[in-house]
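Colleague: This is the structure I have questions about; it appears just below.
The values are calculated or read from the model by the stated rules, or taken from the named source; none is laboratory data. Everything numeric in this text was worked out from a predicted model, so none of it was measured. We place every Cβ from the backbone using ideal geometry, glycine too, and count neighbours over all the protein chains shown.
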Amino acid sequence: VQDSGVGNLVGSYEEFFVASKAGLMGLAYLLTGNVQESQDLVQETLLRAWRDWPHISSYEDPKAWTRRVMHNLAVGRSRRARVRHAAASREAPTTSADPMIGHLDVVAALHRLSPDQQRALVLHHVIGLNVAEVAREMAAREGTVRSWLSRGRAALAADLGIEQGNAREAGEPR
Amino acid sequence: MTMEEPLSPAEQAAVERLRAAYAEASRIDWPFEPRNVTEQSFHPRRHYGRHPIVVAALVGAVTVAVLIVPLAHAGLFKHLVVPTKPSTVTSAPARVPKRAQSSGLSAASCISATLCAAVGSDDDATLAEAWNGTKWSLEPSPNPTGSTRGSLSAVSCTSPTACTAVGSYDNSTGTQLTLVETWNGTTWAIQPTPNPTGSRHSSLSGVSCTSATACTAVGSYDNSTGTQLTLAETRSGTTWAIQRTPNPQPSKGTQLLVLELSGVSCTSATACTAVGGYSYLSDYLTLAEGWNGTTWAIEPTPNVSGATLSSVSCTSATACTAVGGLSDGASFTRVEVWNGETWAMKYGGVASSGEPPSGFAFIGVSCTSATTCVVVGSGSTGTLAEAWNGKTFTYEPTAADGVSFLGVSCTSVTACMAVGSYDNSAGDTVTLAEAWNGAKWSVEPTPKAN
């Protein structure tokens, strides 16, 4: 029998889990470009959130914590693991049933940017942090973040072959 | 969704593709439920510590992670069954809502080994702290009325009763404006500053004072087309005014994306040096400008591509050292030196043995002579502090791992203070200060801001 305190903790965590899982999966996919690795990353992040839940649950926005932890986990994962996943991806080509097949080019283009440009683009344009928040989260100057954003956006558009004239068509997933 | 600057149609389309990928991935579901997690034993952080029992609990938690995560990877998570009730939790913790802490110090300015000011931000508010030689203490700093965010990026002190800090804040309509605060020995107070007409983003990144009432600040602003351009403001008495600064003209066929001044160092009212950078789609380039008391002029820098300059420290009108880099692509670090007539690159490129490790960027520099500087920075694997003798580096291990240094201030070869932030074990980003005594760096605890 759980006491009410633990019950509250479990209940609030479960609510947070349900509210966060999808968004974390989207973020993890942009970080890794691999569905399996993204699922691993989400699981590990949410497990860590549970282990520290008495602390994290007191935050107004625990998602900020999970976002930071997920990024650190993704960076900390071994290059060998990424190579392994890349090799597995080559051995098992994506099929038309893969829900992400229409987005492989944009994720590949994202990953051809520098790590800082990738992270800044995702935090600002996908997650919705303002430049100051991105600067703080990335421990960088705001001007540097703006530089990453400007160059990252331009490089991403160029890599995707999006010209001014066909921007509308190119904006649709392939 | 935050949209701070106008995007070209092509950029907007690229961003929409990213958002679409995010949305699609967010719809992927798989059998991973809350109970897969909550049915694991857990060890609340408040019980972590150095007591042997607590260490054992920590080891247990790590063991859980080591054992469970690989099982989860193998799809075996759901088969793990452990006691439902967390053994170490007997009641709900105090439920005082608060923000996930995200604070950091951006810069420091020291008058002596026992007197420094440091500034930064704490969540969405300005932050200022003072060092008395023994400990850091909070010194309340104001935020403009109606602002939704404020931060201080740089500080310059000329006496114990005269410091000037600069940064930016967002007003209630989301426009980013310049911010200047001054310290009179007792309190921090806001000084009115001008902003370029029509700009939606104006910010000050660096400041240097030669007296209590003579300061120069630099930064950047967005013009009406969204291009980021250089900005300089000077204080004379109690009034700040915008100075005209030159902006490098893009060569034909290239599109200038960002142009900014990041740091400034003045040795007199007629001798300031500001550094920064600009970027095109295909390159980053360094930028230096000099103030002769009347005008700002571009000082050509040895522009080997791949880096911008972040900080500069001058010990005379003919001796400045600027550092920079970008943890971007090949991760260049850069040291350029001004001799009064020309800039020369003294160090640049990816490090080799005995030099700054690859993956780092220099962010701050403080010199006590033309050939005695301390350079700090950060990279993907942690912090960096280097002693620079004008020709070579000496790596100085810092006391904390996994941190970012953004600023440093030295008053002698045996007295420096470096500041920045780090992610603590709880996942919070918190302030950090480390002091150099000539032999080693040591962490000097900084107070929690909230």
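Colleague: Return the residues of region B:352-391 that are acidic (Asp, Glu) and modelled with pLDDT under 75; say none if nothing qualifies.
Modeller: B:GLU355 - this is the single residue of region B:352-391 that is acidic (Asp, Glu) and modelled with pLDDT under 75.
Colleague: Next question, about the same structure. Taking only region A:43-71 into account, find how many residues are among the aliphatic types (A, V, I, L, M) and at the interface with another protein chain (Cβ under 7 Å from one of its Cβ atoms).
Modeller: 4
Colleague: Continuing with this model, one more query. Here are B:SER141, B:SER156, B:SER199, B:SER220: which of them is within 12 Å of chain A (Cβ to nearest Cβ), buried (at least 17 other Cβ atoms within 10 Å of the Cβ) and not charged (D, E, K, R)?
Modeller: Criteria check complete, one pass: B:SER220.
Colleague: Follow-up question, since we're still on this one. Taking region A:107-152 as the search range and keeping residues that are more than 23 Å from B:TYR221 (Cβ to Cβ) and among the polar types (S, T, N, Q), which one is farthest from the other protein chains (Cβ to nearest Cβ)?
Modeller: Taking the candidates together, the pick is A:GLN118.
Colleague: Count, please, the residues in region B:128-151 that happen to be touching an Asp or Glu at 6+ places or on another chain (Cβ under 8 Å) and at pLDDT 95 or above.
Modeller: Residues in region B:128-151 being touching an Asp or Glu at 6+ places or on another chain (Cβ under 8 Å) and at pLDDT 95 or above: 11 in total.
Colleague: What residue, among those in region B:33-50 that are surrounded by fewer than 20 Cβ atoms within 10 Å (Cβ to Cβ), assigned to a loop (DSSP other than H, G, I, E, B) and more than 34 Å from the chain's Cα centre (by Cα), is modelled with the highest pLDDT?
Modeller: Within region B:33-50, the match that is modelled with the highest pLDDT is B:GLU33.
Colleague: Are any residues in region A:103-144 touching a residue at least 12 places away in the same chain (Cβ under 8 Å) and of a type in the set (Gly, Ala, Ser), and if so, which ones?
Modeller: Scanning region A:103-144 gives A:ALA108, A:ALA109, A:SER114, A:ALA120, A:ALA140.
Colleague: Moving on. Report every pair of residues separated by at least 6 positions or lying on different chains whose Cβ atoms are under 7 Å apart, first residue within region B:5-24 and at the interface with chain A (Cβ under 7 Å from one of its Cβ atoms) and closer than 17 Å to A:SER147 by Cβ, second surrounded by fewer than 22 Cβ atoms within 10 Å (Cβ to Cβ) and among the polar types (S, T, N, Q).
Modeller: Matching pairs, first to second residue: B:SER8/A:GLN164.
Colleague: Restricting the first residue to region B:102-119 and requiring it to be within 14 Å of chain A (Cβ to nearest Cβ), which pairs with a second residue that is buried (at least 24 other Cβ atoms within 10 Å of the Cβ) and not in a strand (DSSP E or B) meet a Cβ separation below 6 Å and a spacing of at least six or different chains?
Modeller: B:SER102/A:ARG136
Colleague: Of the residues that sit in region B:223-244 and are assigned to a strand (DSSP E or B) and either of a type in the set (S, T, N, Q) or free of Cβ contacts under 8 Å to residues at least 24 places away in the same chain (or both), which one is nearest to the other protein chains (Cβ to nearest Cβ)? If you could, list the steps in order and put the result at the bottom.
Modeller: Filtering region B:223-244 for residues assigned to a strand (DSSP E or B) gives B:228-236, B:239-243.
Of the ones still in play, those that are also either of a type in the set (S, T, N, Q) or free of Cβ contacts under 8 Å to residues at least 24 places away in the same chain (or both) are B:228, B:230, B:234, B:236, B:239, B:243.
Details: B:GLN228: 6, B:THR230: 10, B:THR234: 20, B:SER236: 25, B:THR239: 25, B:GLN243: 18 Å.
Here the residue is B:GLN228.
Colleague: Checking the conditions here, which among A:ARG119, A:ARG112, A:ARG82, A:ARG51 is of a type outside the set (A, V, I, L, M, F, W, C) and modelled with pLDDT under 65?
Modeller: Details: A:ARG119 fails: modelled with pLDDT under 65; A:ARG112 fails: modelled with pLDDT under 65; A:ARG51 fails: modelled with pLDDT under 65.
Only one candidate qualifies: A:ARG82.
Colleague: How many residues does region A:18-62 hold that are in a loop (DSSP other than H, G, I, E, B) and in contact with a helix residue (DSSP H, G or I) (Cβ under 8 Å, 6 or more places away or on another chain)?
Modeller: Counting residues in region A:18-62 that are in a loop (DSSP other than H, G, I, E, B) and in contact with a helix residue (DSSP H, G or I) (Cβ under 8 Å, 6 or more places away or on another chain) gives 4.
Colleague: Considering only region B:181-200, I want to know if a residue exists there that is within 21 Å of B:SER268 (Cβ to Cβ) and either among the β-branched types (Val, Ile, Thr) or at pLDDT 95 or above (or both).
Modeller: Looking through region B:181-200, at least one residue is within 21 Å of B:SER268 (Cβ to Cβ) and either among the β-branched types (Val, Ile, Thr) or at pLDDT 95 or above (or both).
Colleague: Of the numbered conditions (1) assigned to a strand (DSSP E or B); (2) at positive phi, B:SER202 satisfies every one except a single condition; which is it?
Modeller: The one condition B:SER202 does not meet is (2).
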